[in-house]
1. Would you be so kind as to identify which of Thr37, Ile71, Ala212 lies farthest towards the positive end of the dipole of the chain, taking Lys and Arg as +1 and Asp and Glu as -1 on Cβ and the Cα centre as origin?
2. May I ask for the net charge around Ile114, where only other residues with Cβ less than 12 Å from the Cβ of Ile114 are counted and Lys, Arg are +1 while Asp, Glu are -1?
3. Average projected area of the Cα convex hull of region 138-218, in nm²?
4. Taking 0.36 nm per residue of sequence separation and subtracting the Cα-Cα distance, how much length would be gained by fully extending the chain between Lys139 and Lys32, in nm to one decimal?
5. Per DSSP H run of n ≥ 4, the term is -39500 (n - 2.57); total these for the chain, divide by its residue number, and report the mean residue ellipticity at 222 nm rounded to 500 deg cm²/dmol.
6. Anyone know which of His273, His88, His70 comes out most mobile in the 10 Å Cα GNM of the chain?
7. On average over all directions, what projected area in square nanometres does region 47-112 have, based on the convex hull of its Cα atoms?
8. Please give the per residue volume of the convex hull enclosing the alpha carbon atoms of region 177-270, rounded to a whole number of Å³.
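Derivation of every value follows stated rules applied to the coordinates shown; laboratory data play no part. Just so it is clear, the structure is predicted and the values come from calculations on it, not from any experiment. Because the Cβ atoms are built from the backbone with ideal geometry, glycine has one as well, and the counts that use them run over all protein chains shown.
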Amino acid sequence: MSLRLVVALGALAALVGFYTVDLGAQTVSEAKLLSTTRWYGGDDAVFGGFSALEVSEDGKTFVALTDRGHITQGQFVRKDGKIKKVAHGPLKKLTSPRGDPLSGIWTDSEGLAIAPDGTIYVSFEIRHRIVRYKPGQTKGVDLPNNPAAKRMSANAALEALAVQPDGTILVIPEGNGAQKTPHPVYRLRPGATEWEKPYAIPRYRPYVPVGADVGPDGRLYLLERHLSSIFGFTSRVRRFDMTDERLTNETILLQTEVGEFDNLEGLAVWQDHDGLIRLTMVSDDNFKFFQVTEIVEYVVPQGVGVKTEHLIKNQ
């Protein structure tokens, strides 16, 4: 989401005090931080606003998406497994079903997911939709409309996007920190024309979903964030075991301190050569001079993750 009122919201938070974060009876067990790396775009006027990220199986290359309809491919320069530098190619404009570059209110791209066959899926806000880009084709194809999107606000809708190995699409609306109901998860199976709502994720206010991925272990990973005050953002990653009918074993993998990182909004989950899960995230600087674009990477040690006391049922 483009936080157009980030300064005003921060000032308001300062006046009314810190938000109370409802984490239930959970205990947080953090994964291990490996690296934090600034990503610079030079004089490129369209660089910034990164809302989503995908990383290759070997952790060397990536695809990143901005919230103004641009996409780029790049490489991580690593030393001893840690990211030391980020290099990227040209930022290219996404296209419409007619092959025209997106413009205006059609460009608010938020979620990114890449299927094993290379098909790219992008979710958009304002004009709520999910578009499929097949390998070798420049024209996007709209997926079937989700009727629930009509009830979503313009700037807090189809935010967190993921794809399962069989091509099944999962999308989680952002919503807002004032809502009390669980986060719905919508699913579109390959070849289907109607969306399902198989899962509901417990909501811990005021965190909201901003990124998602299905890891190589078949689990669902969810990145959430909260603008806590003028002191910055706090972020969290939750993990869920996933079957066709339910999510189980809700686990908090990490939760950051206020201001520890910038506005983390994109999440990619992959497995390193040691067999450990890595969580690679990118921040959205909202094209503001006082924010930064950074790549933050954690590793999940074997056995890390504290299960919460919540039972996750279909709703």
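1. The Cα lying farthest towards the positive end belongs to Ile71.
2. Details: positive: Arg132, Lys134; negative: Glu54, Glu57, Asp117, Asp213.
Every neighbour counted, the sum reads -2.
3. Computed as one quarter of the Cα hull surface, the answer is 6.4 nm².
4. So the chain would gain 34.5 nm between Lys139 and Lys32.
5. -1000 deg cm²/dmol
6. Residue with maximal mean-square fluctuation among His273, His88, His70: His273.
7. The orientation-averaged projected area of the Cα hull of region 47-112 comes to 5.0 nm².
8. Working: hull volume 10.7 nm³, N = 94.
Output value, Cα hull per residue: 114 Å³.
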